[in-house]
Amino acid sequence: MIETIPITTSFHSEMVDITSQVTDCIDKRQLKEGIVIVQSMHTTAGITVNENADPDVKTDMLRRFSEVYPWEHRKDLHAEGNTASHMKTSTVGHSQTLIVEDGRLVLGTWQGVYFCEFDGPRTRKVVVKIIEG
């Protein structure tokens, strides 16, 4: 069974903490032990696990991604003009596999699960697959 998390982003680039939504999926299924796969359904938005204590980390990451992959590049050929967002998503990845133990996500003290928007604002969809075991 797959759970769907709808996400509406507000900015061109942003990182949205979806840890609580993923936890809600685990609670809904009453999963005690297993694996959770969190996957973006988009080629211009990814999923990452990173620090959720200091908001400057998100700001710095988005800035650095933009420095590495500038929005406009004179050699880009993609007609939609969003090659940078595809590059950022390929770098971050479209999914994360997470461990569940004793009914809780196994995350480090400062870690959270993030939906990474690179071509917004848009209405997006993340799917969560829970595997018991």
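The values are calculated or read from the model by the stated rules, or taken from the named source; none is laboratory data. All of these numbers come straight from a predicted model, not from anything done at the bench. FYI the Cβ positions are ideal-geometry reconstructions off the backbone, even for glycines, and counts take in every protein chain you see. All accessible areas refer to the heavy atoms of the entire protein, side chains included, with ligands and DNA or RNA removed. Shrake-Rupley method; radii C 1.70, N 1.55, O 1.52, S 1.80 Å.
Can you list which of the GluC sites (Glu not before Pro) found in region 28-84 are DSSP loop residues with at most 12 other C-beta atoms within 10 Å?
Here the GluC sites (Glu not before Pro) that fit, given the DSSP loop and packing criteria, are 33, 72, 80.
Can you give the net charge of the other residues whose Cβ lies under 11 Å from the Cβ of residue 17, counting K and R as +1 and D and E as -1?
It works out to a net charge of -1.
For the chain, what is the accessible area per residue in Å², given a 1.4 Å probe and the full set of protein chains?
Dividing the accessible area of the chain by its residue count gives 58 Å².
Once neighbouring chains are kept in place and the probe is 1.4 Å, which whole percent of the accessible area of the chain is contributed by carbon and sulfur?
Exposed carbon and sulfur together represent 51 percent of the surface.
Within a Cβ distance under 15 Å of residue 80, other residues only, what is the Lys/Arg minus Asp/Glu net charge?
-1
Given H placed 1.01 Å from N in the peptide plane, which residues other than close sequence neighbours of residue 7 have an amide H under 5 Å from its amide H?
124, 125, 126
Out of the chymotrypsin sites (Phe, Trp or Tyr not before Pro) in region 1-82, which ones are loop residues according to DSSP with at most 13 other C-beta atoms within 10 Å?
11
What do you get for trypsin sites (Lys or Arg not before Pro) in region 39-133 restricted to DSSP loop and a cutoff of at most 12 other Cβ within 10 Å of the site's Cβ?
Passing sites in region 39-133 are 74, 75.
What's the magnitude of the charge dipole for region 41-133 around its Cα centre, counting Lys and Arg as +1 and Asp and Glu as -1 at the beta-carbon? Answer in Debye, nearest 20.
Using only the charged Cβ atoms, the result is roughly 300 debye.
Which net charge results for the neighbourhood of residue 101, defined as the other residues with beta-carbon distances under 11 angstrom from its beta-carbon, given Lys and Arg at +1 and Asp and Glu at -1?
The answer is 0.
Could you check which residue among 123, 48, 19 shows the biggest mean-square fluctuation in a GNM of the chain with a 10 Å Cα cutoff?
Taking springs between Cα atoms under 10 Å, the residue moving most is 123.
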